[in-house]
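Input: a single structure, listed below in structure tokens.
The values are calculated or read from the model by the stated rules, or taken from the named source; none is laboratory data. Here the structure is a predicted model, which means the values were calculated and not measured. Backbone-built Cβ (ideal geometry, glycine too); neighbour counts: all protein chains shown. Please note that ligands, DNA and RNA were not included when accessible areas were found on the heavy atoms of the full protein model with its side chains. Shrake-Rupley method; radii C 1.70, N 1.55, O 1.52, S 1.80 Å.
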Amino acid sequence: MSYVDFNGIHKQYENADFYSVTDFNLQIEKGEFIVFVGPSGCGKSTTLRMLAGLEEISKGELSIDGTVVNDVHPKDRDIAMVFQNYALYPHMTVADNISFGLKIAKMPKDEIAEKVKWAADVLGLTEYLKRKPKDLSGGQRQRVALGRAIVRNPKVFLMDEPLSNLDAKLRVSMRNEITKLHRDLDATTVYVTHDQVEAMTMADRIVVLKDGIIQQVGTPMDLYNKPQNLFVAGFIGAPQMNFFNVTLAGSELTFEDGTKIAVPEGITKQLGENKDVVLGIRPEHVSIDKVALDSFPNQVMSEEIINLERMGNENHVFMKVGSSDVILKVPSRMTEGLGDKLSFMVDINKCHFFNRETEQRIF
Ligand code: ADP
């Protein structure tokens, strides 16, 4: 039996004429790190809040560790939540903030002291225990919020955009700290973010949501390699996947601007009756190496560079093919510049094909 079980969960807010979350089904195993990701308003927080018991469930059944919790009070669900805004008590020291929940639960004093010492040690807060939150950096405050959660040793950790108030550099280091903490504690965690990089780097499994409906559940590499629809394909990966309307005739794909590339027989077979499709090419799945251009001349496209970003380690090249905006990642040693035509070989075996009407993956 799974540890957390969402079974046909729906949420309709009072006065709303639509479901904010529709038929949400997910089984989470003990110790898993699950990330809910999707754009603002897709239902991530609502789902998390239903798990926390802060929102009523309109329809469906939710269980934690074998117990149906639909009607269980938040404080009796044995969960700990970490928010974006830390929610620390400003007048209390770090030690008091961390131990507050344990005092309320009437844990013996010496046990509390031991727990606080352990959490401070794990989170690198030992020398700050006597400080107040205002005398800490954003990252340290977020660590105190984490400390308050871990001392309770809950069944499930819930984290709602915990890093979004931190600057970019700190976000990267806290991301590392949270994944390390997860490994050390093996704590079942549900983490909400709109940032696909956080999802990719932290999750055991990612749940992609759009308009309150699950689009795909899978490991980061499942989602990167086999996105089930155009939405997931565009959401996972940065810069995002390029999409082209193409038409297959014989063993050739024709782009909107008339460019043609050859496709191997394996691919035409898989496409079957699908002729007018959406082709997805990740920015990193092209090559400008002479060897590649010479070896696969039938898979080479040549387009004008309309913008160029030099990242140092690589270049991002912007182009337009028909109505599609295109970004390619190419080595920084490239010699072409703005306005020049750049030839690139499309790695056709790494391409993705989608049905134009249903937007679902063909393969
Ligand atoms: P996310 O966390 O992905 O940004 P939310 O779960 O906050 O999305 O919101 C999902 C949908 O539910 C949105 O359409 C939002 O406007 C709506 N919603 C959220 N909270 C409420 C509320 N208290 N009352 C009515 N509608 C709400």
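List, please: which pairs have Cβ atoms under 7 Å, are six or more places apart or on different chains, and start with a residue in region 153-179 that is among the basic types (Lys, Arg) and end with one that is assigned to a helix (DSSP H, G or I)?
Pairs found: 175/198; 175/201; 175/202.
In this structure, does residue 245 turn out to be within 16 Å of the ligand (Cβ to nearest atom) and either farther than 27 Å from residue 358 by Cα or not β-branched (Val, Ile, Thr) (or both)? Before the answer, list the steps.
Numbers: within 16 Å of the ligand (Cβ to nearest atom): no; either farther than 27 Å from residue 358 by Cα or not β-branched (Val, Ile, Thr) (or both): yes.
Taking the combined requirement at face value, the residue does not satisfy it.
I'm checking my understanding of the structure. Among residues of region 30-55 that are more than 11 Å from the ligand (Cβ to nearest atom) and either of a type in the set (Asp, Glu) or on the phi > 0 side of the Ramachandran plot (or both), which one is surrounded by the fewest Cβ atoms within 10 Å (Cβ to Cβ)? Step through it out loud before you land on a result.
Within region 30-55, the subset more than 11 Å from the ligand (Cβ to nearest atom) is 30-35, 51-53.
Filter again for either of a type in the set (Asp, Glu) or on the phi > 0 side of the Ramachandran plot (or both), leaving 31-32, 53.
Working: 31: 14, 32: 20, 53: 20.
The residue in question is 31.
Quick one: which strands (runs of 3 or more DSSP E) lie wholly within region 272-332 and hold at least 2 residues that are open to solvent by 30 Å² or more (accessible area, probe 1.4 Å)? Talk me through it step by step, then tell me what you get.
Details: elements: 276-281, 300-304, 307-310, 314-321, 324-331.
Here the list reads 300-304, 307-310, 314-321, 324-331.
Out of region 333-354, which residues are closer than 19 Å to residue 264 by Cα and either exposed (fewer than 15 other Cβ atoms within 10 Å of the Cβ) or not aliphatic (A, V, I, L, M) (or both)?
Those that are closer than 19 Å to residue 264 by Cα and either exposed (fewer than 15 other Cβ atoms within 10 Å of the Cβ) or not aliphatic (A, V, I, L, M) (or both): 344, 347, 349, 350, 351, 352, 353, 354.
Just to be sure, is residue 79 of a type outside the set (Asp, Glu) and either more than 16 Å from the ligand (Cβ to nearest atom) or free of Cβ contacts under 8 Å to residues at least 24 places away in the same chain (or both)?
It is true that residue 79 is of a type outside the set (Asp, Glu) and either more than 16 Å from the ligand (Cβ to nearest atom) or free of Cβ contacts under 8 Å to residues at least 24 places away in the same chain (or both).
Out of everything in region 14-29 that is exposed (fewer than 14 other Cβ atoms within 10 Å of the Cβ), more than 8 Å from the ligand (Cβ to nearest atom) and not polar (S, T, N, Q), what residue ends up being nearest to residue 65 (Cα to Cα)?
Here the residue is 29.
So in region 239-251, with the set limited to residues that are in contact with a helix residue (DSSP H, G or I) (Cβ under 9 Å, 6 or more places away or on another chain) and at pLDDT 95 or above, which one is surrounded by the fewest Cβ atoms within 10 Å (Cβ to Cβ)?
Narrowing region 239-251 to residues in contact with a helix residue (DSSP H, G or I) (Cβ under 9 Å, 6 or more places away or on another chain): 240-241, 243, 248, 250-251.
Going one step further and asking which of them are at pLDDT 95 or above, we end up with 240-241, 243, 248.
Working: 240: 16, 241: 24, 243: 19, 248: 19.
It comes out as 240.
How many residues are in contact with a helix residue (DSSP H, G or I) (Cβ under 9 Å, 6 or more places away or on another chain) and open to solvent by 10 Å² or more (accessible area, probe 1.4 Å) when one looks only at region 173-195?
Total meeting the criteria: 12.
So that you can scan it fast, the table gives a plain yes or no per residue for (1) out of contact with any Leu (no Cβ under 9 Å at 6 or more places or on another chain); (2) among the polar types (S, T, N, Q):
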| site | (1), (2) |
| --- | --- |
| 63 | yes, yes |
| 73 | yes, no |
| 77 | no, no |
| 86 | yes, no |
| 105 | yes, no |
| 112 | no, no |
| 130 | yes, no |
| 137 | no, yes |
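If you scan region 302-338, which residues turn out to be charged (D, E, K, R) and more than 30 Å from the chain's Cα centre (by Cα)?
Here is the first cut: in region 302-338, the residues charged (D, E, K, R) are 303-304, 309-310, 314, 320, 325, 329, 333, 336.
Across region 302-338, the qualifying residues are 303, 304, 333, 336.
For residue 11, work out the one condition from (1) surrounded by 18 or more Cβ atoms within 10 Å (Cβ to Cβ); (2) more than 8 Å from the ligand (Cβ to nearest atom) it doesn't fulfil.
Only one criterion is unmet by residue 11, namely (2).
Which of the residues belonging to region 141-160 are surrounded by 15 or more Cβ atoms within 10 Å (Cβ to Cβ) and in a loop (DSSP other than H, G, I, E, B)? Step through it out loud before you land on a result.
From region 141-160, those surrounded by 15 or more Cβ atoms within 10 Å (Cβ to Cβ) are 141-152, 154-160; that's our starting set.
Answer for region 141-160, where residues must be surrounded by 15 or more Cβ atoms within 10 Å (Cβ to Cβ) and in a loop (DSSP other than H, G, I, E, B): 151, 152, 154, 155.
For the structure I just gave you, tell me whether residue 138 is at positive phi and open to solvent by less than 60 Å² (accessible area, probe 1.4 Å). Steps first, answer last, please.
Working: at positive phi: no; open to solvent by less than 60 Å² (accessible area, probe 1.4 Å): yes.
Criteria not met by residue 138.
Condition test on residue 78, is it under 22 Å from residue 184 (Cα atoms) and acidic (Asp, Glu)? Working first, answer last.
Working: under 22 Å from residue 184 (Cα atoms): yes; acidic (Asp, Glu): yes.
Against the criterion (under 22 Å from residue 184 (Cα atoms) and acidic (Asp, Glu)), residue 78 qualifies.
Can you pull out every residue in region 56-73 that is among the aliphatic types (A, V, I, L, M) and either within 23 Å of residue 186 (Cβ to Cβ) or within 16 Å of the ligand (Cβ to nearest atom) (or both)?
Quick first cut of region 56-73, residues among the aliphatic types (A, V, I, L, M) only: 57, 62, 64, 68-69, 72.
57, 62, 64, 69 - these are the residues of region 56-73 that are among the aliphatic types (A, V, I, L, M) and either within 23 Å of residue 186 (Cβ to Cβ) or within 16 Å of the ligand (Cβ to nearest atom) (or both).
Got at least one residue in region 287-305 being in contact with a Leu (Cβ under 7 Å, 6 or more places away or on another chain) and free of Cβ contacts under 8 Å to residues at least 24 places away in the same chain?
no
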